[in-house]
1. Is the range 125-136 home to any residue that is surrounded by fewer than 22 Cβ atoms within 10 Å (Cβ to Cβ), in contact with a strand residue (DSSP E or B) (Cβ under 9 Å, 6 or more places away or on another chain) and free of Cβ contacts under 8 Å to residues at least 12 places away in the same chain?
2. Can you tell me which of (1) under 29 Å from residue 65 (Cα atoms); (2) out of contact with any helix residue (DSSP H, G or I) (no Cβ under 9 Å at 6 or more places or on another chain); (3) outside any helix (DSSP H, G or I) is the one residue 215 doesn't meet?
3. Looking at (1) touching a strand residue (DSSP E or B) at 6+ places or on another chain (Cβ under 8 Å); (2) on the phi > 0 side of the Ramachandran plot, which one does residue 209 not meet, given that it meets all the others?
4. Checking residue 95 against (1) surrounded by 18 or more Cβ atoms within 10 Å (Cβ to Cβ); (2) outside any loop (DSSP other than H, G, I, E, B); (3) out of contact with any strand residue (DSSP E or B) (no Cβ under 9 Å at 6 or more places or on another chain), only one condition comes out false. Which one?
5. Of everything in the range 144-160, what is over 17 Å from residue 125 (Cα atoms), surrounded by 15 or more Cβ atoms within 10 Å (Cβ to Cβ), without any contact (Cβ under 8 Å) to a residue 60 or more places away in the chain and out of contact with any strand residue (DSSP E or B) (no Cβ under 8 Å at 6 or more places or on another chain)? Give them in sequence order.
6. Just checking, does the range 170-190 include any residue being buried (at least 22 other Cβ atoms within 10 Å of the Cβ), closer than 30 Å to residue 105 by Cα and without any contact (Cβ under 8 Å) to a residue 60 or more places away in the chain?
7. Tell me yes or no: at least one residue of the range 220-228 is buried (at least 23 other Cβ atoms within 10 Å of the Cβ) and farther than 22 Å from residue 106 by Cα.
8. For the range 220-247, enumerate the residues that are out of contact with any helix residue (DSSP H, G or I) (no Cβ under 6 Å at 6 or more places or on another chain) and either part of a strand (DSSP E or B) or under 20 Å from residue 66 (Cα atoms) (or both).
């Protein structure tokens with residue numbers, strides 16, 4: 001689905017943003033399913049009770065060192081980026097906390113049977129979409145990296161499949177490449193959660209009781225309070241943090 005939630009707060013007055021998105025769709029920058037979603041949102045704005053569950057600073061020293069060693073023995077075409085680790089950690093955390101992964105329609109939440117992560121992708125001609133990588137929890141990091149590369153390429157070429165636009169069960173947005181330190185996104189209903197990652201940068205972190213300068217990232221969570229609460233959200237973020245400390249298990 002189109003990630004207009006970054007520009008349009010659910011239930012708020014956002015006619016101008018909606019019109020701009022429709023004009024972009026009419027210009028041929030998106031598939032028909034995008035326009036249909038925008039039209040539906042205009043006729044019947046989706047409802048959710050969003051809460052910002054907070055953020056966590058995730059130390060990435062282990063993940064960075066592991067990636068360096070892993071990529072050193074791989075061909076250039078098979079190297080893995082940190083983004084793939086983020087996707088896999090989110091998917092595995094969703095298996096432990098299924099109330100973050102699913103759809104809420106007419107006040108009824110249906111947890112998803114699999115984790116289809118919508119990835120926010122900026123388009124060269126402007127606009128933002130969030131098509132899904134399917135069954136993320138089942139895939140290796142190598143496969144996820146291939147899928148992510150392919151998805152970005154096809155999204156920018158306008159050749160996405162309709163299922164990729166309609167299937168996301170949770171969304172991730174990563175603005176680190178734009179230099180943003182932290183992201184506080186807005187859920188796109190009927191999804192019930194969105195995870196945001198900022199820029200991976202050297203930061204002061206407490207490690208083994210001492211202060212060290214290591215790679216770290218700020219991760220945030222927005223969640224629908226009809227389905228979860230702040231306590232569950234904190235546990236979910238903590239699980240993502242834990243998983244990223246053990247990259248070899250992803």
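The values are calculated or read from the model by the stated rules, or taken from the named source; none is laboratory data. Fair warning: this is a prediction, and the values are worked out from it, not measured in the lab. So basically every Cβ, Gly included, is an ideal-geometry build from the backbone, and we count neighbours across all protein chains shown.
1. No: zero hits.
2. (2)
3. It fails just one condition, (1).
4. (1)
5. 146
6. Yes - at least one qualifying residue is present in the range 170-190.
7. Scanning the range 220-228, I find at least one residue that is buried (at least 23 other Cβ atoms within 10 Å of the Cβ) and farther than 22 Å from residue 106 by Cα, so the answer is yes.
8. 220, 222, 224, 241, 242, 246
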